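Heads up: the structure comes next, in structure tokens.
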Amino acid sequence: MNKLNAKSLNSVKVIYNKMLNAYPQWDVYFNENDDVGSASIEVYNNGNCISKYCFYPNFSGDIDSISIYGQGLQGHYDNIKRTNNIFGFNVKSISIESNNPMQPFVSVYLASMEVLSFTNEEKGAILQCFWQLLGGDFQVANEHNPIIKKIIMGWNLADDNWTLIAITLSPYTAFDCISKMSSDKKVKFKDMIRRIAEFNGNNDYKARMAISLFDKTNVPYTVRNNVFYW
């Protein structure tokens, strides 16, 4: 029976620790040895299992697939399908399956075994751009923490407070760093900005700020008939 190798197991542990911080109102548990060589993360609310994530290995011990059990499976499916991403991994395929009619699950196969390879410098630059998008306002940033913590889950940052990392980098240094990223990374960056802009209202203002960010970072976008398209 294959098991996750040390690198993959550490990636799951990073996700687990991020969940602990992102959802303090829930009980989160990590199991290094679950079903068929997998490691798992379980999330409970008042003794009821909300979600269980099983990370299954391939023959070399890299993470090959992730199965999600519990509540809100359609929501999980829709979000992963839309972003083509789960915990920073690119997705090859996703479906809702059931080995038992009473226990359906979301089955996710990964396109790559590597977490998106943003460097620490790029991560800092991206966080500075989040800060700019939200007007450099701590209260507004705090209101957007739920979506930002989901976006950066698995980044293994030096500080859990992303704003403290963001403000250590000058905006112009951040813009220059983003502008030099590969096209694939810019696509991911653009999707991160979109998710934040669409969260918690005030979308028009954040869309205008996003356009300003994209202009400064050489990230392509479309405007037709004075309408901005992501």
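The values are calculated or read from the model by the stated rules, or taken from the named source; none is laboratory data. Just so you know, these numbers come straight off a predicted model, no measurement behind them. All Cβ positions, even for glycine, are placed from backbone atoms using ideal geometry, and neighbour counts span all protein chains on display.
Does the range 1-11 contain any residue that is loosely packed, with under 14 Cβ neighbours inside 10 Å and touching a Gly at 6+ places or on another chain (Cβ under 7 Å)?
From the range 1-11, those loosely packed, with under 14 Cβ neighbours inside 10 Å are 1, 6-7, 10; that's our starting set.
Next, from what is left, pick out any that are touching a Gly at 6+ places or on another chain (Cβ under 7 Å): 1.
Scanning the range 1-11, I find at least one residue that is loosely packed, with under 14 Cβ neighbours inside 10 Å and touching a Gly at 6+ places or on another chain (Cβ under 7 Å), so the answer is yes.
When the range 55-84 is examined, which residues are found to be surrounded by fewer than 17 Cβ atoms within 10 Å (Cβ to Cβ) and under 16 Å from the mean Cα position of the chain (by Cα)?
Across the range 55-84, the qualifying residues are Gly75, Asp78, Asn79, Lys81, Arg82, Thr83, Asn84.
Within the range 24-39, is there a residue that is over 27 Å from Met102 (Cα atoms), surrounded by fewer than 18 Cβ atoms within 10 Å (Cβ to Cβ) and either out of contact with any Pro (no Cβ under 8 Å at 6 or more places or on another chain) or at pLDDT 90 or above (or both)? Break it down into steps so the answer makes sense when it comes.
Step one: list which residues in the range 24-39 are over 27 Å from Met102 (Cα atoms), which gives 24-25.
Restricting the remaining residues to those that are surrounded by fewer than 18 Cβ atoms within 10 Å (Cβ to Cβ) gives 24-25.
This time we only want the ones that are either out of contact with any Pro (no Cβ under 8 Å at 6 or more places or on another chain) or at pLDDT 90 or above (or both), so: 24-25.
Yes; the residues of the range 24-39 include at least one that is over 27 Å from Met102 (Cα atoms), surrounded by fewer than 18 Cβ atoms within 10 Å (Cβ to Cβ) and either out of contact with any Pro (no Cβ under 8 Å at 6 or more places or on another chain) or at pLDDT 90 or above (or both).
Tell me, which helices (runs of 4 or more DSSP H) wholly within the range 51-164 include 2 or more residues that are modelled with pLDDT of 85 or more, closer than 26 Å to Val36 by Cα and touching a Ser or Thr at 6+ places or on another chain (Cβ under 9 Å)?
Values: elements: 73-83, 120-133, 138-143, 145-151.
By residue number, 73-83.
Just a yes or no: is a residue in the range 158-168 surrounded by 14 or more Cβ atoms within 10 Å (Cβ to Cβ), without any contact (Cβ under 8 Å) to a residue 24 or more places away in the chain and of a type in the set (A, V, I, L, M)?
The answer is no; no qualifying residue exists.
Within the range 184-191, identify whether any single residue is outside any loop (DSSP other than H, G, I, E, B), more than 24 Å from Tyr23 (Cβ to Cβ) and without any contact (Cβ under 8 Å) to a residue 24 or more places away in the chain, and answer yes or no.
Yes, because at least one residue in the range 184-191 is outside any loop (DSSP other than H, G, I, E, B), more than 24 Å from Tyr23 (Cβ to Cβ) and without any contact (Cβ under 8 Å) to a residue 24 or more places away in the chain.
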